[in-house]
Amino acid sequence: MEGDGNLEVKIEQLLNVEKQMRLAGDVAGTKKAAIDILQLCFEARAWKTLNEQILVLSKRRGQLKQAVTAMVQQAMQYIDETPDLETRIELIKTLNNVSAGKIYVEIERARLIKKLAKIKEEQGLIAEAADLMQEIAVETFGAMAKTEKIAFILEQVRLCLDRQDYVRAQILSRKISPRVFDADPSKDKKKPKEGDNVVEEAPADIPSLLELKRIYYELMIRYYTHNNDYLEICRCYKAIYDIPSVKENPAQWIPILRKICWYLILAPHDPMQSSLLNSTLEDKNLSEIPNFRLMLKQLVTMEVIQWTALWNAYKDEFENEKDMLGGSLGDKAAEDMRQRIIEHNILVVSKYYSRITLKRLAELLCLSLQEAEKHLSEMVVSKALVAKIDRPMGVVSFQTAKDSNDILNSWAVNLEKLLDLVEKSCHQIHKETMVHKAALKV
């Protein structure tokens, strides 16, 4: 009890000193007095008194901003020293109340919220943790380091994905431009001009920009896997594959390159997929996994692929993906892969045939008549190719319907070619006649 009395006396004395300094407008003196009060409470392990003094000091009339900032920063150092979880949460909540609505301690508030969210997540309250994190819009904080901002937004995205709130996860992920990861951090460090906000250094526990890039794309893979957007998943893996630290280590890039190959096969045929497919085939590292090189080569070659033979050859590789980086390819992957091979085969047939019977098409695709017609109709609806089915005759026509203007243009071109030929022929006949007349005269 005597110790408590001494503490109260010392605090009272320091409060008087703080008041004199504050009224005199002495910033350094006010900061020192406020910090000394907190230090006294901390050394006496009087956590309840510490919380009370933080609130009292922050609410004093005409309190200086610098003193509040110094006080919050000092108290944040005590968070990890708290004896139990309840005391820690109480201290964080007190500091949150003090920093709420004050721009000059917005970074400290963001860090406090992050700590509180982590505690909530450890308690299994993921929804509460996600709600806490979403209160803070760090993208507006001018003084916060770029890497810390990105790490904070990525944490918001991760918590949204954990609670399966995919819409909010997508909105938050759009706050980060992928181009920010390609910037050179050494060039970004410019000397601040007068009047500019001084950007704080990121704390030591914040990952580097390239590590954040990997975390960002891994989170985006989780988001796109929910929608089965194979092409976007492939592009995310390609971005991870291009990180220098990954490219230097075969143990890291081989499983990622395998995933790129699988998702390229699973992605629907379009110009972006075709471009990625060709650029991946040109990659020298693909020679390290020849099976996958051969599989991609088959997709590029304009030949019909036998689905059963392909599946038997690559079934084991497909199953092995479960044990590798990134996990399995998804529940629908095998079914979607068969769909892509059928689409590839229909495109190949459309290149070689202008008209084909439905029966022969079904034979080439190794499908029943109904299945062949269904897949062909789906491709026509998605505008992947142009075709018409004459069902009574059982004939598929891959010719595009020509516009009347196109027909007239082609006629005009043909007439022009014909007239050119006639003119050349007349010229040759005239030339020959002149040569013969000259020979007769001699």
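The values are calculated or read from the model by the stated rules, or taken from the named source; none is laboratory data. These figures come from a predicted structure and were not determined experimentally. Every residue, glycine among them, receives a Cβ derived from its backbone with ideal geometry; neighbour counts consider all protein chains shown. Just so you know, the surface numbers come from the protein's heavy atoms only, side chains and all, with ligands and any DNA or RNA stripped out. Shrake-Rupley method; radii C 1.70, N 1.55, O 1.52, S 1.80 Å.
Restricting attention to the stretch 353-401, report how many residues are among the aromatic types (Phe, Trp, Tyr) and open to solvent by 80 Å² or more (accessible area, probe 1.4 Å).
1
The set of residues in the stretch 158-167 being crowded, with 16+ Cβ neighbours inside 10 Å, under 14 Å from the mean Cα position of the chain (by Cα) and closer than 15 Å to ASN227 by Cβ consists of LEU161 alone.
For the stretch 318-326, does any single residue satisfy the condition of being part of a helix (DSSP H, G or I), crowded, with 18+ Cβ neighbours inside 10 Å, touching a helix residue (DSSP H, G or I) at 6+ places or on another chain (Cβ under 6 Å) and not charged (D, E, K, R)? There is no residue in the stretch 318-326 that is part of a helix (DSSP H, G or I), crowded, with 18+ Cβ neighbours inside 10 Å, touching a helix residue (DSSP H, G or I) at 6+ places or on another chain (Cβ under 6 Å) and not charged (D, E, K, R). Those helices (runs of 4 or more DSSP H) of the stretch 329-442 in which 1 or more residues are among the hydroxyl-bearing types (Ser, Thr, Tyr) occupy 333-352, 369-381, 404-441.
Would you please name the residue that is modelled with the lowest pLDDT, looking only at residues in the stretch 185-237 that are among the small types (Gly, Ala, Ser) and loosely packed, with under 11 Cβ neighbours inside 10 Å? Let's see the steps before the verdict.
Step one: of the stretch 185-237, the residues among the small types (Gly, Ala, Ser) are 186, 195, 202, 204, 208.
Now drop any that are not loosely packed, with under 11 Cβ neighbours inside 10 Å, which leaves 186, 195, 204.
On the way: SER186: 55, GLY195: 44, ALA204: 65.
Here the answer is GLY195.
State whether the residues of the stretch 166-175 include one that is part of a loop (DSSP other than H, G, I, E, B) and closer than 17 Å to LYS213 by Cα. Within the stretch 166-175, one or more residues are part of a loop (DSSP other than H, G, I, E, B) and closer than 17 Å to LYS213 by Cα.
From the list ILE233, ILE254, which one is under 13 Å from TYR217 (Cβ atoms) and either in contact with a Cys (Cβ under 9 Å, 6 or more places away or on another chain) or in a helix (DSSP H, G or I) (or both)? Reasoning before the result, please.
Details: ILE254 fails: under 13 Å from TYR217 (Cβ atoms).
None of the others qualify; the one that does is ILE233.
Against the numbered list (1) touching a helix residue (DSSP H, G or I) at 6+ places or on another chain (Cβ under 7 Å); (2) crowded, with 18+ Cβ neighbours inside 10 Å, GLU106 comes up short only at (1). Just one of the numbered conditions (1) modelled with pLDDT of 75 or more; (2) over 17 Å from VAL72 (Cα atoms) is not true of GLY25: (1). Within the stretch 29-43, residues that are open to solvent by less than 10 Å² (accessible area, probe 1.4 Å) and at pLDDT 75 or above have Cβ atoms under 7 Å from residues that are part of a helix (DSSP H, G or I) and of a type in the set (S, T, N, Q) in these pairs: ILE37/GLN53; LEU38/GLN53; LEU38/GLN74; CYS41/THR49; CYS41/GLN53, counting only partners at least 6 apart in sequence or on another chain.
Only one of the numbered conditions (1) open to solvent by 100 Å² or more (accessible area, probe 1.4 Å); (2) within 30 Å of THR225 (Cβ to Cβ); (3) of a type in the set (D, E, K, R) is violated by ARG338, and that is (1).
Collect the residues in the stretch 122-145 that are surrounded by 17 or more Cβ atoms within 10 Å (Cβ to Cβ) and more than 18 Å from ARG168 (Cα to Cα), keeping them in residue-number order. Matches in the stretch 122-145: PHE141, MET144.
Filtered by the rule that a residue be open to solvent by less than 20 Å² (accessible area, probe 1.4 Å) and in contact (Cβ under 8 Å) with a residue 60 or more places away in the chain, the stretch 241-290 gives PRO255, ILE256, LYS259, TRP262, TYR263, ILE265, LEU266, ALA267. Being open to solvent by less than 30 Å² (accessible area, probe 1.4 Å) and free of Cβ contacts under 8 Å to residues at least 12 places away in the same chain is the filter here, so list the residues in the stretch 48-92 that pass it. Correct list: empty.
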